[in-house]
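Working notes, structure below.
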Amino acid sequence: MRAEVDRIAEPWGGRTPYGPDTQWPARVDSFLEPGVTADGVERWVQTASLLHSNGDAMDLAVADGRIVGVRGRPQDRVNRGRLGPKDLFAWQANHSRDRLTTPLIREGGRLVACDWDTAMDRIVDRSQQLLRERGPGSVGFYTSGQLFLEEYYTLAVIARAGIGTNHLDGNTRLCTATAAEALKETFGCDGQPASYTDVDHADVIALFGHNMAETQPVLWMRVLDRLAGGEAPRLVCVDPRPTPAARHASVHLAPRAGTNLALLNALQHEIIRTGRIDHGFIDAHTVGFHELAAGVADCTPDWASRICDVPARRISEAAEILGGAERLLSTVLQGVYQSHQATAAACQVNNLQLIRGMLGRPGCGVLQMNGQPTAQNTRECGANGDLPGFRNWENDTHVADLARVWNVEPSRIPHYAPPTPAMQIFRYAEQGSIRMLWISGTNPAVSLPELDRIRSILGQERLFTVVQDLYLTETAQLADVVLPAATWGEKTGTFTNADRTVHLSDKAVDPPGDARPDLDILLDYAGRMDFRDKDDRPLVPWHDAESAFEAWKECSRGRPCDYTGLTYERLRGASGIQWPCTREAPEGTERLYTDGITWAAPGTCETYGRDLITGASVSETEYRALNPNGRAVLKAAEYLPPHETTDDAYPLQLNTGRTLYHFHTRTKTGRTPQLNAAAPEVWVELSAGEALRHGVEEGDLVEVTNPRGSVRGRLRITGIRDGMLFLPFHYGYWDTPEGDHPGKDGGRAANETTVTDWDPVSKQPLFKTAAARLTLVERAEGTLCPAPTTTASAPVDPRSVPPTTGGPPAIAHQTVASTECDRR
């Protein structure tokens with residue numbers, strides 16, 4: 001293996017092949033800024049990655065009070081020392097000269113600098129005025145998937161028991177709400193059944209709408225190393241784009257957008273028809289099989305082929321592989337989650353695992369993946385539309401238990417209706433019932449659908465908007481108060497990845513200027529608001545990250561996400577540990593449901609469920625009748641066409657998504673030289689056939705238009721399916737002359753064109769099922785498309801554009817390492 005690799009040109013580094021049922025070899029990746037050597041590093045500070053959901057453990061190199069590099073932690077169970085491109089390079093954004101360093105308040109239409117007392121007093125004054133005049137429902141909170149557990153928990157206590165509002169949600173609504181809902185619908189409770197170590201054991205890995213190579217590049221390295229070793233697993237990939245996983249797959253299915261449910265029903269039809277089901281497992285651990293079998297009885301491959309535009313024989317081949325697997329691991333992400341039948345389709349993946357009896361043993365399970373690094377924590381802590389600790393808002397016993405933990409009356413915790421999802425929060429702000437919106441660590445002026453509408457909501461004079469962030473984002477530019485926040489590396493806290501692994505991230509350096517940790521800001525607010533419990537003691541009694549973590553542990557005690565066996569001391573210096581971690585399971589829990597389904601009983605479940613087609617709630621009485629013994633629920637669902645379909649005016653399906661080198665609205669990765677250079681500007685992807693039909697060529701400037709707006713970008717001709725175009729969603733306006741909105745030549749943000757619509761169960765917006773048209777603006781005339789060539793955006797003709805490289809600034813080190821674990 002080479003010691004030095006250009007990690008922009010070779011994002012996944014070198015291979016360390018390994019076979020089934022053996023441990024993934026360690027490989028330590030590292031990168032130090034030019035001029036710094038290992039000898040010049042004064043100390044290494046433990047943390048984990050914060051720009052995806054994989055939870056890659058790493059150490060930050062510190063010298064002269066600055067972060068100067070990173071290295072992977074080889075002893076960690078998640079990444080065994082490996083780092084992806086964003087892990088290696090994105091820490092440089094912490095040093096950006098345009099970090100916010102002082103609070104800002106709006107005066108005379110302009111944001112001006114002020115001190116913390118002035119900013120916080122303005123927020124407290126408006127909060128108290130609204131509570132007096134309009135009640136707690138006039139205040140809403142919209143948070144992130146990038147804060148720490150301790151911050152989400154504090155925010156949840158403030159919002160639900162301090163203010164008393166039901167309007168608290170995270171931007172995780174955009175990326176992982178369906179994961180949570182699918183797990184709740186099937187297993188009665190959130191929590192990933194599988195573990196990343198199941199990659200080490202599986203003989204078939206199925207990726208449903210999951211571009212793992214770009215969204216979780218280190219997990220993809222694990223798969224690549226299995227593929228390079230003996231007895232390699234077979235891959236089944238469902239994705240309309242030619243992702244790296246698709247190129248390695250035994251079967252690649254590229255369906256029309258919005259047809260995943262039809263495809264999954266056909267796969268279940270074939271598996272049931274050929275008798276490749278585990279009757280013993282189904283009888284012991286599930287309910288609803290006969291209804292499921294009846295529901296998919298007519299969903300033949302020929303039927304699905306007509307809907308999905310996928311050859312029927314390829315559907316049968318995929319079913320053959322899934323049905324023949326001895327150890328099947330399935331993963332799911334946005335290709336399923338951001339569609340009109342998202343939860344219904346994600347539940348069918350759960351069904352596949354259950355009817356095959358592939359759960360709770362090595363190599364067998366499902367990962368309903370997360371998109372953001374701390375998305376799991378928003379769900380656990382009640383900052384993403386649920387009550388903390390996966391408690392059921394409809395179960396009075398659960399609400400009373402939470403009230404006991406917080407020492408408040410149950411009536412103080414709003415539970416008259418489901419916690420308000422993000423899209424409804426913005427609707428209430430649009431209608432005027434929400435008059436104060438506190439936005440922390442997220443940028444809805446670029447990330448929410450139909451941006452012209454979102455800008456108009458945030459720009460209302462009657463709406464008092466607080467933005468807590470690192471930079472003056474497009475959203476911050478519209479705020480009434482802007483609070484400068486510390487980021488990863490500048491504060492201490494814990495966070496949990498997609499396979500329930502908890503990591504500790506220690507503070508390495510001070511934040512710039514007067515920026516503060518999000519936890520300190522929230523504690524300051526709670527103190528100034530003088531929130532009290534029923535004994536007139538402070539409602540939020542903790543004072544730092546570790547005491548907040550101890551408080552959370554008590555809230556999690558006895559719940560599915562039990563943290564009571566964890567401490568900062570145990571997490572410091574060692575590998576991450578998976579919850580539940582208790583006195584009975586002190587080393588954590590590798591995979592759930594090894595002894596049957598444990599949290600689906602009517603008295604313990606997180607939800608009684610919803611109708612997968614309409615989203616209507618299932619009552620407690622109905623749930624008790626359906627599932628009295630607390631088994632997994634096999635839910636069938638009928639396929640329905642997407643709400644917005646193509647026509648003569650808008651003949652193309654519009655698909656949006658990520659690229660490997662950027663994260664969300666590019667606030668950090670756009671300020672990272674290596675990453676920004678790899679994908680510096682928005683682009684448009686189209687198939688060769690559609691390019692021919694539209695009379696456009698590689699590099700042409702084209703415009704994507706629909707009734708909501710337009711986006712201009714250079715054209716990349718790829719292997720994407722015909723009838724579809726793709727836009728990366730990362731690009732906004734903070735680095736354009738306009739700053740927060742489109743210029744005279746049209747939009748740059750993909751969400752100018754996406755639709756205000758959502759899945760009926762998870763309320764996750766639809767970013768993959770709109771319609772649009774494409775028109776030529778100007779010929780390339782030698783101008784190159786800025787899309788990377790190393791990813792799903794690779795050109796069909798590799799000779800047409802130069803390959804994406806990073807050059808000397810992107811050279812990182814990789815070393816095969818042995819650990820104490822290996823030696824034992």
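The values are calculated or read from the model by the stated rules, or taken from the named source; none is laboratory data. In this text the structure is predicted, and so the values were computed from the model without any measurement. Please note: Cβ atoms are built from the backbone with ideal geometry, for glycine as well, and neighbour counts cover all protein chains shown. The protein model used for the area step is the full one, side chains on, heavy atoms only, and it has no ligands, DNA or RNA in it. Shrake-Rupley method; radii C 1.70, N 1.55, O 1.52, S 1.80 Å.
Worth a mention:
- Farthest positive-ward along the stretch 617-696 dipole, Cα basis, beta-carbon charges - from GLN674, THR645, ALA632: GLN674
- Three-way shape label, the stretch 689-767, alpha-carbon gyration tensor, a/c 1.5: oblate
- Cross-link partners for LYS491 among the aspartates and glutamates, with Cα-Cα distance under 15 Å and sequence neighbours closer than 8 places in the same chain left out: ASP59, GLU150, GLU151, ASP469, ASP506, ASP510, ASP514, ASP518, ASP520, ASP544, GLU546.
- Computed E for THR645/ASP536 - FRET, C-beta separation, R0 51 angstrom, nearest 0.05: 0.30
- Dipole magnitude (debye, nearest 20) for the stretch 211-254, charges at Cβ of Lys, Arg, Asp, Glu: 40 debye
- Projected onto planes of every orientation and averaged, the convex hull of the alpha-carbon atoms in the stretch 484-615 covers 12.2 nm².
- Spatially proximal lysines relative to LYS635 (Cα-Cα < 20 Å; intrachain offsets below 8 disregarded): LYS184, LYS763
- Calculated from the alpha-carbon coordinates, the stretch 562-674 shows an Rg and a Dmax of 22.5, 63 Å respectively.
- Scalar couplings 3J(HN,Hα) for the stretch 703-714, obtained by applying the Karplus form with A = 6.51, B = -1.76, C = 1.60 to θ = phi - 60°, are 10, 9, 9, 8, x, 8, x, 8, 9, 10, x, 6 Hz; x denotes Gly and Pro.
- Per-residue ³J(HN,Hα) for the stretch 640-651, Karplus 6.51 cos²θ - 1.76 cosθ + 1.60, θ = phi - 60°, Hz, x for Gly and Pro: 10, x, x, 5, 10, 10, 6, 8, 5, 6, 10, x
- Estimated translational D of the stretch 1-119 in µm²/s (Stokes, Kirkwood radius over Cα pairs; 20 °C; 1.002 mPa s): 128 µm²/s
- Whole-number percent relative contact order across the chain, with pairs defined as alpha carbons under 8 Å at least 6 apart: 20 percent
- The magnitude of the dipole of the stretch 513-588, with charges of +1 and -1 set on the Cβ of Lys/Arg and Asp/Glu and taken from the Cα centre, is near 240 debye.
- HIS290 paired with SER617, simple spin-label distance in nm, labels 7 Å along Cα-to-beta-carbon: 3.0 nm
- Extending 7 Å from Cα along the Cβ direction at GLU681 and again at ALA312 yields two label points whose distance is 4.8 nm.
- Heavy atoms of the protein chains alone define the surface here; on that basis the chain has 32 Å² accessible area per residue at 1.4 Å probe size.
- Rounded FRET efficiency, nearest 0.05, which uses the C-beta distance separating GLU778 from ARG361 and R0 of 60 Å: 0.55
- Each peptide among 349-359, 20-30, 139-149 gets the average number of other Cβ atoms lying within 10 Å of its residues, and from highest to lowest they stand as 139-149, 349-359, 20-30.
- Think of each Lys and Arg Cβ as +1 and each Asp and Glu Cβ as -1; about the Cα centre, that makes the dipole of the stretch 665-728 roughly 420 debye.
- Calculated from backbone phi, Karplus (6.51, -1.76, 1.60) coupling profile of the stretch 463-473 in Hz, x at Gly/Pro: 8, 8, 10, 10, 10, 10, 7, 8, 10, 7, 5
- Relative contact order of the stretch 108-252, taken over Cα pairs closer than 8 Å and 6 or more residues apart, is 14 percent.
- For the peptides 773-781, 331-339, 750-758, the ranking by packing is 331-339, 750-758, 773-781, with the highest mean count of neighbouring Cβ atoms within 10 Å listed first.
- Panel note: the C-alpha atoms of the stretch 745-820, placed on their principal axes, show extents of 50, 48, 23 Å (largest first).
- Ellipsoid semi-axes for the stretch 314-441, based on the Cα gyration tensor and the rule √(5λ), read 36, 20, 13 Å when sorted largest first.
- Taking amide H as placed 1.01 Å from N in the peptide plane, the amide H of ILE577 sits under 5 Å from that of VAL502, each at least 5 places away or on another chain.
- Of LEU519, GLN460, ALA266, farthest towards positive along the dipole that unit charges on Lys, Arg, Asp, Glu beta carbons give the chain: ALA266
- Value of Rg to Rh for the chain, rounded to two decimals, is 0.94; Kirkwood radius and Rg both from alpha-carbon coordinates.
- Computed from the C-beta positions of ARG2 and ARG799 and an R0 of 25 Å, the FRET efficiency is 0.45 to the nearest 0.05.
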